[in-house]
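The values are calculated or read from the model by the stated rules, or taken from the named source; none is laboratory data. This is a predicted model, so every value here is computed, not measured. Cβ sites come from the backbone with ideal geometry, for glycine too, and all protein chains shown count toward neighbours. Note: accessible area is taken over every heavy atom of the protein model, side chains too, but ligands, DNA and RNA are not part of it. Shrake-Rupley method; radii C 1.70, N 1.55, O 1.52, S 1.80 Å.
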Amino acid sequence: MNTRPVSNGCLARGLAAGLWCNTPYKVWTEATGYYFRWKSETGFSDFKEIFPETVTATSVRSMVLEVMARTEVFNAFKRGRAAIMKVTGNGVEVA
């Protein structure tokens, strides 16, 4: 491990590093919510793989509608995939 559990001037970083160094990984992930952040970042990554990072609309209202439409399509895709695979992307079984 190349993390030192000292602050070097930044108390918040020192506390976070100390928790990382002195806590078992599973306990650390639960205490920090790391796993949930990873899941949300995975969702954004999946979204960006399907859709471009650009919006073609010119008015703010149209931009919002375009992003909302993309989100609806993305959610329908994920629901369809989960129904076919009988499991969601994070391993939760679908009834």
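Observations on the structure shown:
- Extended-chain gain in nm, criterion 0.36 nm per residue less alpha-carbon gap, residue 20 and residue 65: 12.0 nm
- Accessible-area composition of region 25-68, carbon plus sulfur, in percent [1.4 Å probe]: 64
- Listed by chain and number, the lysines whose C-alpha is less than 25 Å from the C-alpha of residue 48, apart from same-chain residues fewer than 8 away, are 39, 78, 86.
- In this structure, residue 46 and residue 86 have a Cβ-Cβ separation that, at R0 = 22 Å, corresponds to a calculated FRET efficiency of about 0.75.
- Label-point gap, in nm, between residue 56 and residue 79 - each point 7 angstrom along Cα→Cβ: 2.5
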